[in-house]
Structure formats: structure tokens, C-alpha cells
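Remarks on the structure that follows.
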Amino acid sequence: MTDAVERPWGPVVLRLLPATPAEASWFADHYALSANAPWPRRETLPLRTTVDADAVLDLSRHPAGAAAQRIRDEHYHVLDDGTCWVRAADRPADASVAALPPHAIRRTGHGWDVVTDGSPSGDRLSEILARMLLLDALTRAGGTVLHASSAVVGGRATVFVGAGEAGKTTLALHATRAGGEFVSGDQTVLLPGAERLVVGAGLMPRLRWGTLRGLGLADTVLGATLRRHEGARRPLSRIEPRPAKVAMTQAELTTVLGVRTTDAGVLDRLVFVERRPGTDLLVAPLDPREAVAELAEQVLRPLAGWRPPGGEATCAEPLTRIAAETPAFRVRWDPAVHPAVTVLDRLATAAVGSR
């Protein structure tokens, strides 16, 4: 039997009992951090995988209790008793990644069991599904999920909020390289409490080539072999067509990009980022009323329509309170013109002036 793999993440401990050594390796690489934040762990998420093609086939023949529901890029049927989700044969029309192998997810006395048919790509199942279960645990704890990147500097977290291609991840990575730790490149959860905790939830950043060029790391990445791109069989420079975004594990952020990573930090400020080609650089404090409206636009509901058993989510902390209690700033910039370092310096100056 393969040894269990444990990874603390924010207030949660992820614990996987893998079916194969290859699966354990996938899981460990995606959840590898330079440093874990020293937060009390409130919950353990046990996940166990088994290979049983007959069981998957048998479960798929059970009548569904409701219409197919979406998790990630798959459709799942929920069985009548509500305790098991089976991957449906059909897929969403807008699915963007390769299909996962046939499998089922069910709640047991152990925690969560994933039953797969043994297909080679099944080695990634626990890594993918753990992200969804982690998001569920964080939202049940009252967390608000934002379309945001985040970085910790000096133990305090800056959350860069904004639409796609605004430059959020670019700024978070530059902040990290200035002596901080990278938390999240896509999804960030704000948890309520005496110390409002910022927890990374995207787990696997997908970086644009413009971001990598701005960091001076495009050539380094082109020469690297990455797990998510052809299974690290050859460097990116030899893959055609070249991917529009580069997907990296947490381990690769450190080994390839030289970026330190962590799972969480205490919220220090919100930065609302807008990409405006051809415009002058603007870095300015933001009124809390404007901040709450823009926060609301970037709230993500990744588990809409899907709720595993184990309790309903508590009410998320009101955005008005987050905005009222957190310094907020607006950044309008042209990443092709304005250096990220200049933006971060202006933010530091604006933060001092707003106190």
C-alpha cells in the first residue's frame, strides 16, 4: 500500500491515501510549498483512491437522482441517495481540457473515496478533486472566493483583484520576487475571523507568456519540462503548438521560476487592477463603497449547483465589512509600458500616504 500524503493548506489539512506511487507523486508536486503559514488547522480532508473498473461500471448504471451537474470540465450524475457522484459520459460543450477517466466520488466513513477504472490519466484525479473539496471546505467555513491573485510580504497579504488579463498574477509574482511568497494566481479565498485569512485556492497557476517575459523568465520556461505539458517528456520549446498559457505545479514555481510559495497570509490590502493599453499609470486609494461594488463583480461561485454532503455553507462575510476594514487601491496600467516594479513602488507610497 502506498503511504499517505499530507499537506496543510490554510485551515485545512489535505490527506490522500493514493492508489499508486504515481498518483502520490502528482499530488505531492501540486501541493508542495516553500513554507506553510502557521495557522491553526480546523479541518482534515481525507481522500482515498481505489482502482476498481467493475465498481465504476456498476455505479454508472444506477439511476441518477437529478440532472447532470458540473464540476471542473466534467458532468456528474448524482445517485438517488445523494451520496455518490459518477462522471457522466457527456461533457460540457465548452470543456477546455482533456476528459478525465471514468470515476465516482462518494462520501464514506473514511471521508472521501474516489473510485477509478485505472486509466493512466487517473493519476491526476486526487489532485483535481482535492481542489474542489478544498474550495467546498473553505466556503462552508464562510469564505468568499475571489477572482484574484495574492502574495505575502512580511507576513501580510496583498490581494490583486480584477478581470482576466488585468495583470494580477504579474504583480503578485513581482511582489513575491521582492522578498515575499506567492499564494495564488487565479482564485483567492477570504476567510472571516479575528485575523482575516487569505488562502490560495487555484493551486496551479496558468501563466501567460507576457507575464513570463515581464519577469525575464520566458526563456527559462521554454527550456523547462513541466508535468502538465506532455507529462514532462520534452521541453516547452519543442512542443507544437506552444500552449497559450503555461500551467505549473507549486513545486515547479520554486524549481523553475525560483518563486517561494505559501498557502495563506493575513489580509493587508486590496488592489483592484485594470489593464488600460495606452493610458497613463494610475495608483490611487479607493473609496470603500467603490471597493465593495468591484469586489462583488469578482466573486466566484465555483461550486454553484453542487454541494457535497456534510453541511451547508455558513454565510460568507459581508463584502461591505471586508471593504470597510481593508485599505483598498485602484491600479490602471498598461503592462506593456509600465514596469510592475514601478506599480508596486507607487502602491507602497500610496499605502503610507493613506494611513
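The values are calculated or read from the model by the stated rules, or taken from the named source; none is laboratory data. These figures come from a predicted structure and were not determined experimentally. Glycine gets a Cβ as well: all are built from the backbone with ideal geometry, and neighbour counts include every protein chain shown. Note: areas computed on protein heavy atoms with side chains; ligands, DNA, RNA excluded. Shrake-Rupley method; radii C 1.70, N 1.55, O 1.52, S 1.80 Å.
Anything in region 2-47 that is closer than 15 Å to residue 112 by Cβ and aliphatic (A, V, I, L, M)? List them, or say none.
Within region 2-47, 4, 5, 12, 13, 14, 16, 17, 19, 45, 47 meet the criteria.
Does region 107-115 include one or more residues that are part of a strand (DSSP E or B) and at pLDDT below 85?
Scanning region 107-115, I find at least one residue that is part of a strand (DSSP E or B) and at pLDDT below 85, so the answer is yes.
Take the residues in region 18-64 that are assigned to a loop (DSSP other than H, G, I, E, B), more than 30 Å from residue 191 (Cβ to Cβ) and touching a strand residue (DSSP E or B) at 6+ places or on another chain (Cβ under 6 Å); name whichever of them is least open to solvent (accessible area, probe 1.4 Å).
Per the criteria, the residue is 19.
So, in region 254-283, how many residues would count as being among the aliphatic types (A, V, I, L, M), buried (at least 21 other Cβ atoms within 10 Å of the Cβ) and outside any loop (DSSP other than H, G, I, E, B)?
6
I'd like to verify a number: residues in region 65-80 that are part of a strand (DSSP E or B), among the hydrophobic types (A, V, I, L, M, F, W, C) and at pLDDT below 80, how many?
Residues flagged as part of a strand (DSSP E or B), among the hydrophobic types (A, V, I, L, M, F, W, C) and at pLDDT below 80 within region 65-80 amount to 1.
Would you mind stating whether residue 88 is closer than 30 Å to residue 196 by Cβ and surrounded by 13 or more Cβ atoms within 10 Å (Cβ to Cβ)?
Considered against the rule, which asks whether it is closer than 30 Å to residue 196 by Cβ and surrounded by 13 or more Cβ atoms within 10 Å (Cβ to Cβ), residue 88 comes out as no.
Kindly indicate whether residue 115 is open to solvent by 40 Å² or more (accessible area, probe 1.4 Å) and of a type in the set (Val, Ile, Thr).
No; evaluated as a whole, the condition is false for this residue.
Filter region 156-169 for residues that are under 20 Å from residue 261 (Cβ atoms) and open to solvent by 20 Å² or more (accessible area, probe 1.4 Å) and give the result.
Matches in region 156-169: 156, 169.
Restricting attention to region 207-223, does a residue exist that is under 10 Å from the mean Cα position of the chain (by Cα) and either crowded, with 21+ Cβ neighbours inside 10 Å or more than 16 Å from residue 253 (Cβ to Cβ) (or both)?
No, because not a single residue in region 207-223 is under 10 Å from the mean Cα position of the chain (by Cα) and either crowded, with 21+ Cβ neighbours inside 10 Å or more than 16 Å from residue 253 (Cβ to Cβ) (or both).
Do we find that residue 73 is over 21 Å from residue 110 (Cα atoms) and open to solvent by 20 Å² or more (accessible area, probe 1.4 Å) in this structure?
no
Conditions tested, residue by residue: (1) at pLDDT 90 or above; (2) among the charged types (D, E, K, R); (3) under 24 Å from residue 28 (Cβ atoms).
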| residue | (1), (2), (3) |
| --- | --- |
| 229 | no, no, yes |
| 237 | yes, no, no |
| 261 | yes, no, yes |
| 264 | yes, no, yes |
| 285 | yes, no, no |
| 305 | no, no, no |
| 312 | no, yes, no |
| 315 | no, no, no |
| 332 | yes, yes, no |
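Return yes or no: is residue 349 under 23 Å from the mean Cα position of the chain (by Cα), among the hydroxyl-bearing types (Ser, Thr, Tyr) and modelled with pLDDT of 90 or more?
Against the criterion (under 23 Å from the mean Cα position of the chain (by Cα), among the hydroxyl-bearing types (Ser, Thr, Tyr) and modelled with pLDDT of 90 or more), residue 349 does not qualify.
Consider residue 139 carefully, then state whether it is modelled with pLDDT under 95, open to solvent by 10 Å² or more (accessible area, probe 1.4 Å), under 16 Å from the mean Cα position of the chain (by Cα) and over 27 Å from residue 43 (Cα atoms).
Answer is no for this residue.
So in region 170-182, with the set limited to residues that are among the hydrophobic types (A, V, I, L, M, F, W, C) and at pLDDT 90 or above, which one is surrounded by the most Cβ atoms within 10 Å (Cβ to Cβ)?
The extreme case among them is 172.
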